Amino acid sequence: MDLTAVAKPCSFGDKGTSDVVLRLRNSEGRPEWFYSHSSVLVSKSGFFADRLSNPGSGSCIEIHCSDSTYDHHVNLLRLLYLPTNSLLDSLDSVQSALGVLPLAIAFRCENITNCCIQYLEAVPWEDKEEEQIVKEVLKLGPVAMPILARIQPVDLSATKSVFISAVRFATSIGGSCPPFGDELKTSAQEQVEFMLGGDEDTPLVTADNEVKSVVKSGLSQVCSLFENELSSFLLVPDITAETAETRILQCLSDVEWMCNILPKMDLMKDFVCSWGEMSRKILEIVEDKKLDNAMWVLKVKLIEVTGKVLEAVGYGNVMLPAPCRVQLLKTWLPYIRKIKPLLDAKADEDTDFPYKMDEDLCQSIEGAIVSLVLALPSNDQADILSDWMKTEQLKYPDLSEAFEVWCYRTKSAKRRLMEGLDRVGNTTISL
């Protein structure tokens, strides 16, 4: 076969001008003949160039393929006949390009390989396609790695920059962005949570001082917005107005979101302190007579957030001085004791009343309060337990366990004191 002859215009499958026959055989042994041209095969494929340069190769080349790759082999042969500038436009799906690519690499078709890589790198992927692409590219090695550029790990500084931007957006630092501010803010909050989801780079990002500073600014921002909205609420002519209520609940939702993410950054103490600083003002507004029969959802949400604060402090995840722990209890315990029977009564009157303290919430708060009380100095425990026994609402929260422990400790302390005095007396006499 004369490979140096001047190539004449030819088309795939043209039997009249063909000088090479390609025979595809699948796993079932099904043969199919493709009339081809050595001039095209040699110029477009290193594999065929080597094969046809062998004097004993003959005019028939047999290629084995599986059922799953049969169509891709045929597609590759068709692509060999296209001009280089038409290859990219001829690819019409991720699946076709992904099927042809490994064959193009195997047959050393450089132009087709480059076009498949360029196509796969540029087009959108479905989730299932992404998994398949990653799997196939890893098999193909370095030549196909540019396809995965969009999912390669970024350096730490880029991750940090994106995280900071997301936090600023999620906490409205710098103001909201109407008209889609709330939707975009919610999306940013979801992405921040996702980025805190246990990636190996997460501790490095969250430990950064600049990141912590931005997060603390975000906490200050959301707490300030909530406090301001709540303070202005009583000035609204109609407190049942849906717009005003929605704004307050959105602000409280942002506060709760901060409460959920800060433990992942070891900043829960900052939240606890911020919540403690504004608790008294919050309760002054919520317990106003104008709200006696309104804003039930707000009242329940406040208890839910407070429950997380009580858990953090009560179980030792956040360390506070005893006076601060006492203040936290004395601020919220009366409110919880007051609101629980009111919610129960509303639920008894109306079975469809949606705002309740469910059993899990009640148990978690009660457990946290008991743990908190038992960690206080004895005299502070006595004050809180005395106040508890003077109220009509002994049932919730039930502090009987704390009372029993306090009684036991008191007797033990007295016995130890008497034993200590006896030892001192005996020592004096012996002298």
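The values are calculated or read from the model by the stated rules, or taken from the named source; none is laboratory data. Owing to the predicted nature of the structure, the values given are computational and were not obtained by experimental measurement. Methodologically, a virtual Cβ is constructed for each residue, glycine included, from the backbone with ideal geometry; neighbour enumeration extends over all protein chains shown. Note: accessible area is taken over every heavy atom of the protein model, side chains too, but ligands, DNA and RNA are not part of it. Shrake-Rupley method; radii C 1.70, N 1.55, O 1.52, S 1.80 Å.
Couple of notes before you dig in:
- From Arg78, Arg108, residue being assigned to a helix (DSSP H, G or I), open to solvent by 80 Å² or more (accessible area, probe 1.4 Å) and at pLDDT 90 or above: Arg78
- Unmet requirement for Tyr408, which otherwise passes all of (1) modelled with pLDDT of 80 or more; (2) open to solvent by 50 Å² or more (accessible area, probe 1.4 Å); (3) not in a helix (DSSP H, G or I): (3)
Rundown of residues vs (1) over 20 Å from Cys223 (Cβ atoms); (2) open to solvent by 40 Å² or more (accessible area, probe 1.4 Å), yes/no style:
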| residue | (1), (2) |
| --- | --- |
| Glu277 | no, yes |
| Glu284 | no, yes |
| Glu287 | no, yes |
| Gly307 | no, no |
| Leu310 | no, no |
| Leu320 | no, no |
| Leu329 | yes, no |
| Arg337 | yes, no |
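- Residues of the range 129-147 classified as open to solvent by less than 30 Å² (accessible area, probe 1.4 Å) and either assigned to a helix (DSSP H, G or I) or closer than 16 Å to His72 by Cα (or both), total: 4
- Just so you know, in the range 60-75 the residues that are touching a residue at least 40 places away in the same chain (Cβ under 8 Å) and in a helix (DSSP H, G or I) include one that is surrounded by the fewest Cβ atoms within 10 Å (Cβ to Cβ), and it is Asp67.
- For the range 190-203, a tally of residues being open to solvent by 20 Å² or more (accessible area, probe 1.4 Å) and either at pLDDT 75 or above or touching a Ser or Thr at 6+ places or on another chain (Cβ under 7 Å) (or both) returns 8.
- Within the range 313-339, the set of residues being assigned to a helix (DSSP H, G or I), within 18 Å of Cys259 (Cβ to Cβ) and polar (S, T, N, Q) comprises just one member, Thr331.
- Any hit, the range 121-128, residues being assigned to a loop (DSSP other than H, G, I, E, B) and open to solvent by less than 40 Å² (accessible area, probe 1.4 Å): yes
- Among residues of the range 81-105 being in a helix (DSSP H, G or I) and under 18 Å from Val42 (Cα atoms), the one that is most open to solvent (accessible area, probe 1.4 Å) is Thr84.
Yes/no per residue for (1) under 22 Å from the mean Cα position of the chain (by Cα); (2) surrounded by fewer than 22 Cβ atoms within 10 Å (Cβ to Cβ); (3) of a type outside the set (Phe, Trp, Tyr):
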{"residue": "Glu245", "(1), (2), (3)": "no, yes, yes"}
{"residue": "Ser253", "(1), (2), (3)": "yes, yes, yes"}
{"residue": "Ile261", "(1), (2), (3)": "yes, no, yes"}
{"residue": "Asp266", "(1), (2), (3)": "yes, yes, yes"}
{"residue": "Asp270", "(1), (2), (3)": "yes, yes, yes"}
{"residue": "Leu291", "(1), (2), (3)": "no, yes, yes"}
{"residue": "Lys299", "(1), (2), (3)": "no, yes, yes"}
{"residue": "Leu302", "(1), (2), (3)": "no, no, yes"}
{"residue": "Tyr315", "(1), (2), (3)": "no, yes, no"}
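- Test result for Leu342, in a helix (DSSP H, G or I) and open to solvent by less than 30 Å² (accessible area, probe 1.4 Å): no
- Residue list for the range 32-48, restricted to those being within 13 Å of Ile112 (Cα to Cα) and either part of a helix (DSSP H, G or I) or touching a Ser or Thr at 6+ places or on another chain (Cβ under 9 Å) (or both): Leu41, Ser43, Lys44, Gly46
- Within the range 373-389, residues that are assigned by the TED database to the domain that holds Lys330 and in a loop (DSSP other than H, G, I, E, B) have Cβ atoms under 7 Å from residues that are open to solvent by less than 40 Å² (accessible area, probe 1.4 Å) and of a type in the set (A, V, I, L, M, F, W, C) in these pairs: Leu376/Ala322; Leu376/Val326; Pro377/Ala322, counting only partners at least 6 apart in sequence or on another chain.
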